[in-house]
Amino acid sequence: MLDSEWWTGKLKTKVEQWESQRRQMVKYQLRNRGIKDERVLAAMSKVPRHQFVDGAWQDLAYRDRSLPIGYNQTISQPLIVAYMTQAAEISSEDKVLEIGTGCGYQTALLGEIAQCVYSMEIIPQLAEQAGRTLLQLGYQNIEIQTGDGYEGWAENAPYDPIIVTAAPKQIPQPLIDQLATNGKMVIPVGTWSQYLIVLTFTESGLVEERTLPVRFVPMRRKALEE
Ligand code: SAH
């Protein structure tokens, strides 16, 4: 009895510590640097980022940096994740397509804000691991598919918005074709030098806005690897 009380007390403290780290992250890394969308801030205050990274990295999960997630891939720094999610201007009725599930952290944030999320990941082990984490956390509005996101996920198109977290040299045409009218695509484009592009499909055509310089892993092409 005493033992279990001691453990409960200790676990609670750890949970509180993570919560406090999340609050600090939201205040100093996001709010103070211009992230204003309350839905994004609320989601980032809630989603346990540490549960998406390997045990060895958990203590650094809420720091202002990217972290390795295995297979030479990384989870982006919190500010970039927040910036991209804010730029996508998501509402609670939206159907989102995400390319590059990775560890599934951003997928969870999208799941908090949007109605449903379709996410594609080219590395099967990452897709599986992300699926497990998201299931454990209870998300029921997220579907993950292993595959080459360059081609999009035509079956459920059109999407608003589309968020891409691996950088192609140019914006993939199939993704443009799967964007809803008035929809937005947030995507890093380039090779060594990359910019985060926000593409809006207006009634009078595509409008491209070049925002931050960024450094994402390159978008891989399944067709080229086979
Ligand atoms: N949002 C992710 C970031 C992962 S990094 C996270 O929070 O963890 C980018 C991811 O895109 C990697 O997991 C990589 O395997 C994946 N990726 C690269 N090329 C891809 C492609 N053509 N289709 C789908 N996923 C791809």
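Using Cα atoms only, what is the angle between the long axis of helix 2-24 and the major principal axis of the chain, expressed in degrees (0 to 90) to the nearest 10? Approximately 40 degrees, to the nearest ten.
Between beta-carbons, use under 14 Å as the cut-off and find the net charge around Val217, counting Lys and Arg +1, Asp and Glu -1.
Numbers: positive: Lys169, Arg215, Arg220, Arg221; negative: Glu121.
Result for the local shell: +3.
Protein heavy-atom surface of the chain, 1.4 angstrom probe: 50% of the accessible area is carbon and sulfur, with nucleic acids and ligands not counted.
With all protein chains in place and ligands, DNA and RNA left out, the 1.4 Å accessible area ranks Ile144, Ile187 as Ile144, Ile187, largest first. The label-point distance for Ile171 and Asp59, in a model that sets each label 7 Å from Cα toward Cβ, rounds to 4.4 nm.
For region 160-225, the list of chymotrypsin sites (Phe, Trp or Tyr not before Pro) that fall in a loop by DSSP and count at most 13 other C-beta atoms within 10 angstrom reads Trp192.
Stick to Cα atoms and the Kirkwood definition of Rh, then tell me Rg/Rh for region 145-215.
On the way: Rg = 11.8 Å, Rh = 12.4 Å.
Using Cα coordinates only, the ratio equals 0.96.
Distance between the C-alpha centers of region 14-54 and region 201-224? Whole Å please. Between the Cα centre of region 14-54 and that of region 201-224, the gap is 26 Å.
Between Ser45 and Ser204, the FRET efficiency estimated from the beta carbon spacing at R0 = 45 angstrom works out to 0.75. Among the chymotrypsin sites (Phe, Trp or Tyr not before Pro) within region 33-81, those in coil by DSSP and having at most 16 neighbouring Cβ atoms inside 10 Å are Tyr71. Each principal axis of the Cα cloud of region 50-156 was evaluated for its coordinate range; sorted largest first, these ranges are 38, 27, 26 Å.
If you fit an axis through the alpha-carbon atoms of helix 78-87 and take the longest principal axis of the Cα set of the chain, what angle between them do you get, 0 to 90°, nearest 10? Rounded to the nearest ten degrees, it is 40.
Output the peptides 98-108, 204-214, 128-138 sorted from most to least packed, where packing is the average of other Cβ atoms within 10 Å over each peptide's residues. Each step should come with its number before you reach the end.
Numbers: 98-108: 27.2, 204-214: 11.5, 128-138: 16.3.
The densest-packed peptide leads the list: 98-108, 128-138, 204-214.
Between Tyr28 and Ser92, the contour length at 0.36 nm per residue exceeds the Cα-Cα span by 20.4 nm.
Is the shape of region 51-108 best called rounded, prolate or oblate, per the rule: a/c under 1.5 gives rounded, else a/b larger than b/c gives prolate, else oblate, with a ≥ b ≥ c the square roots of the Cα gyration tensor eigenvalues? Before the final figure, lay out each step's value.
Numbers: a/c = 2.35, a/b = 1.79, b/c = 1.31.
Verdict is prolate for region 51-108.
With all pairs of different alpha carbon atoms counted, what Kirkwood hydrodynamic radius in Å does the chain show? Show your work: numbers first, answer last.
Working: mean 1/r = 0.0555 Å⁻¹.
Result for the chain stands at 18.0 Å.
Pairs of lysine residues in the chain that meet both criteria, 8 or more places apart or on different chains and Cα atoms under 19 Å apart, total 9.
With a Förster radius of 25 Å applied to the C-beta separation of Gln136 and Trp18, the computed FRET efficiency comes to 0.95.
The values are calculated or read from the model by the stated rules, or taken from the named source; none is laboratory data. The structure presented is a predicted model; accordingly, all values stated were derived computationally and were not measured. FYI the Cβ positions are ideal-geometry reconstructions off the backbone, even for glycines, and counts take in every protein chain you see. When the accessible area is computed, the model is the full protein with side chains, heavy atoms only, and any ligands, DNA or RNA have been set aside. Shrake-Rupley method; radii C 1.70, N 1.55, O 1.52, S 1.80 Å.
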